[in-house]
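All remarks here apply to the structure that follows.
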Amino acid sequence: MDKKIALVTGASRGIGAAIANKLVELGYYVLGTATSDQGALAISEQLSDSGVGYKLDVGSEGSIKAFFADLKSSDLLPLVVVNNAGITDDGLALRMKGDQWQRVIDTNLSGAFRVAQAAFRSMTKARWGRIVNVSSVVAQAGNPGQANYCASKAGLEGMTRSLAKELANRNITINCVAPGFIASDMTEMLNDQQKDAILTQIPMGRMGDANEVAAVVGFLCTEPASYVTGQVLQVNGGMYMS
Ligand SMILES: NC(=O)c1ccc[n+]([C@@H]2O[C@H](COP(=O)([O-])OP(=O)(O)OC[C@H]3O[C@@H](n4cnc5c(N)ncnc54)[C@H](OP(=O)(O)O)[C@@H]3O)[C@@H](O)[C@H]2O)c1
């Protein structure tokens, strides 16, 4: 394999699919994941010779272990990891169930840590690596009804800064990209009233496009970004300025 290998979790649709396409454009061989065999097959068909789809549940430690064992035996360990897979399960804190909290933390935060940890060995050996964690504007801004999601994304940002300090001397950069409201299945769940209320908070007056997020993730995976680490790059149309 001449090309560098990039892994994108949650590449079956939305922001992850756009990131997978961007990384192909940048010359990477892309491993894209979905939660079903059918989704993995669709990714393989979409990526054609430029990559392959896999089934992975980032909320399961066993699934991550088995996946990386498979990659190792196929000599496909990635030097670029984009932790994009994420879920919401909204509810006001007063009524939030324990498993509702835990599932979001397990998927969005613990999953990202375990995937990054599994990839460190090959990155350390190569003395080169890139990790991009997809956070959210609400990690810093907060959002009622999303205590679990906001905690998972704020945790991701703190974890990113820590890992960036640990691995900087191995030439491994670790950053977050924090999208604002981007048109995807995730935001399609909102009703028109909720969407209108959000639009009033966005100075650009529109939702973002997945390709606008992918462009920033792609930049972090190029050589010109080699001195950027431990950062959170906001892609939110001016909605929140940190
Ligand atoms: N859309 C937004 O406005 C927005 C804003 C800020 C941040 N984000 C973040 O951006 C990322 C992508 O969001 P999106 O809007 O593109 O979401 P989406 O359209 O809902 O897609 C989610 C992706 O994650 C995968 N996924 C879900 N649960 C998973 C699990 N347990 N293990 C592995 N993969 C799993 C899905 O796979 P399947 O297709 O197999 O279900 C799918 O590929 C997420 O981390 C999200 O929090 C989105």
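Any read-out appearing in this document is the output of simple, stated calculations on the displayed coordinates, not a laboratory observation. All of these numbers come straight from a predicted model, not from anything done at the bench. Cβ coordinates were reconstructed from backbone atoms using ideal geometry, including for glycine residues, and neighbour counts include every protein chain displayed.
Can you give me the Kirkwood hydrodynamic radius for the stretch 1-138, using every pair of distinct Cα atoms, in Å to one decimal?
Values: mean 1/r = 0.0655 Å⁻¹.
After inverting the pairwise mean of 1/r, the radius is 15.3 Å.
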- Item | Fewest-first sequence of I174, I43 by Cβ atoms within 10 Å of each Cβ | I43, I174
- Item | Cut-off 16 Å (backbone N to label point 7 Å along Cα→Cβ of S226), residues of the stretch 1-44 | 4
- For the stretch 103-117, Karplus couplings with θ = phi - 60° (6.51, -1.76, 1.60), whole Hz, Gly/Pro x: 4, 6, 5, 4, 6, 7, 9, 5, x, 5, 4, 5, 5, 4, 4
- Task: Return the FRET efficiency for the residue pair K72, K97: r is the Cβ-Cβ distance, R0 is 30 Å, and the value is rounded to the nearest 0.05.
- Result: 0.20
- Task: Between S110, S63, S50, find the one with the highest GNM mean-square fluctuation for the chain; connect C-alpha pairs within less than 10 Å.
- Result: S63
- Determine the dipole magnitude for the stretch 21-85: charges of +1 sit on the beta-carbon of Lys and Arg, -1 on that of Asp and Glu, nothing else is charged, the reference point is the Cα centre, and the result goes in debye to the nearest 20. 140 debye
- Counted neighbours (other Cβ, 10 Å), sorted fewest up, put V213, V8, V235 in the order V235, V213, V8
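Given 10 °C and 1.306 mPa s, how large is the Stokes-Einstein diffusion coefficient of the stretch 105-242 in µm²/s, with Rh as the Kirkwood radius over Cα pairs?
Details: Rh = 15.8 Å.
Reported coefficient: 101 µm²/s.
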- Distance in nm between label sites at A141 and I198, each 7 Å beyond Cα in the beta-carbon direction? 0.9 nm
- Quick one: dipole size for the stretch 89-171, taken about the Cα centre, charges +1 on Lys/Arg Cβ and -1 on Asp/Glu Cβ, in debye to the nearest 20. 480 debye
- Phi-derived 3J(HN,Hα) across the stretch 164-175 with the Karplus relation (6.51, -1.76, 1.60, θ = phi - 60°), rounded Hz, x for Gly and Pro, is 4, 5, 5, 10, 4, 6, 9, 6, 10, 9, 9, 9
- Pick out, in residue order, every one of the chymotrypsin sites (Phe, Trp or Tyr not before Pro) in the stretch 153-232 that is DSSP loop and has at most 16 other C-beta atoms within 10 Å; say none if there are none. Y227
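So which trypsin sites (Lys or Arg not before Pro) in the stretch 139-185 are both in a DSSP loop and have at most 14 other Cβ atoms within 10 Å of their Cβ?
Details: sites: K153, R161, K165, R170; in loops: none.
Loop-located and lightly packed - none at all.
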- Hey, could you pull the Cα Rg and Dmax for the stretch 14-68, both in Å? 11.2, 32
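State which entries of K55/K165; K97/K165; K65/K153; K165/K195 exceed 27 angstrom in Cα-Cα distance in the structure shown. Show your work: numbers first, answer last.
Working: K55/K165 31 Å; K97/K165 35 Å; K65/K153 23 Å; K165/K195 38 Å.
Among K55/K165; K97/K165; K65/K153; K165/K195, the Cα-Cα distance tops 27 Å for K55/K165; K97/K165; K165/K195.
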- Item | Within the chain, percent of DSSP bridges classed antiparallel, to nearest 5 | 0 percent
- Pull up all non-local amide H partners of Y54: gap of 5 or more, or a different chain, and H-to-H distance under 5 Å with H placed in the peptide plane. G32, T33, A34
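Please report, in debye to the nearest 20, how large the charge dipole of the stretch 112-231 is about its Cα centre when each Lys and Arg carries +1 at its beta carbon and each Asp and Glu carries -1 there.
780 debye
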- Message: For Cα pairs less than 8 Å apart in space and 6+ apart in sequence, what is the mean separation divided by the residue count of the chain, i.e. the relative contact order in percent?
- Response: 19 percent
- With just the Cα atoms of the chain, tell me how far they stretch along each of the three principal axes, in Å, largest first. 49, 36, 33
- In a Gaussian network model over the chain where Cα atoms closer than 10 Å are linked, find which of L41, L94, L23 has the largest mean-square fluctuation. L94
- Task: With θ set to phi - 60°, apply the Karplus curve 6.51 cos²θ - 1.76 cosθ + 1.60 along the stretch 45-51 and write out the HN-Hα couplings as whole Hz, x wherever there is a Gly or Pro.
- Result: 5, 5, 7, 6, 6, 8, x
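What value, in deg cm²/dmol to 500, does the helix sum -39500 (n - 2.57) over DSSP H runs of n ≥ 4 give at 222 nm once divided by the residues of the chain? Working shown, then result.
Working: 10 runs with 108 residues, N = 242.
That calculation yields -13500 deg cm²/dmol at 222 nm.
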- Residue order, fewest to most surrounding Cβ atoms within 10 angstrom, among F68, F120: F120, F68
